[in-house]
Amino acid sequence: MTRITVCPRDLAGCLARCALGAGAQVADRLIRVMTAAVVDRLDLDALVARVDVNRVADRVDVNRVAGRVDVNRVADRVDVDRVVLRVDVDAVIARVDLVVLTQDVLQAIDLGQMVRDTSGGAAEGTVAALRVRSVRADRVVNHFADRLLHRPGADPQGTDGLGPTP
């Protein structure tokens, strides 16, 4: 028969490792059971009511690594109609700089060019009508002067092609 000699330090270390391994398993099991018992007894509504939602929102970072915070998923759950009902439209309009906005719109559509393009024809028509009236008025004055000064050979009315004088 062969005798095996065991060093007491090696035996103590081996027993300690076995005890720690078994103790860790028991501790893990005990923690799981105790945690489940505590969670079962918690009033989650009361717990959530104590959460500072603003502080949580401050911690939400849009630029975080994917998988941690999905802001789009949170935004999809927002009732936009309900939010809009709470908006003070008058306050929003008061914050809009209407002068700058109007200038930007007028510059974008080039209103000056539109006025020049559309009023060109109207201006030409107005000038032509004024010329015709001016010629007729001149004829009336000339005719009156001819009669007043008894000038012979005055043109008969309407021979200028502009119709009878008024």
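Points worth noting:
- With respect to being modelled with pLDDT under 75 and not in a helix (DSSP H, G or I), Gly121 falls outside the description.
- Subset of the range 95-119 [more than 16 Å from the chain's Cα centre (by Cα) and either under 29 Å from Val56 (Cβ atoms) or among the small types (Gly, Ala, Ser) (or both)]: Ala108, Gly112, Ser119
The values are calculated or read from the model by the stated rules, or taken from the named source; none is laboratory data. Predicted model only: the values in this text are computed from it and were never measured. Methodologically, a virtual Cβ is constructed for each residue, glycine included, from the backbone with ideal geometry; neighbour enumeration extends over all protein chains shown.
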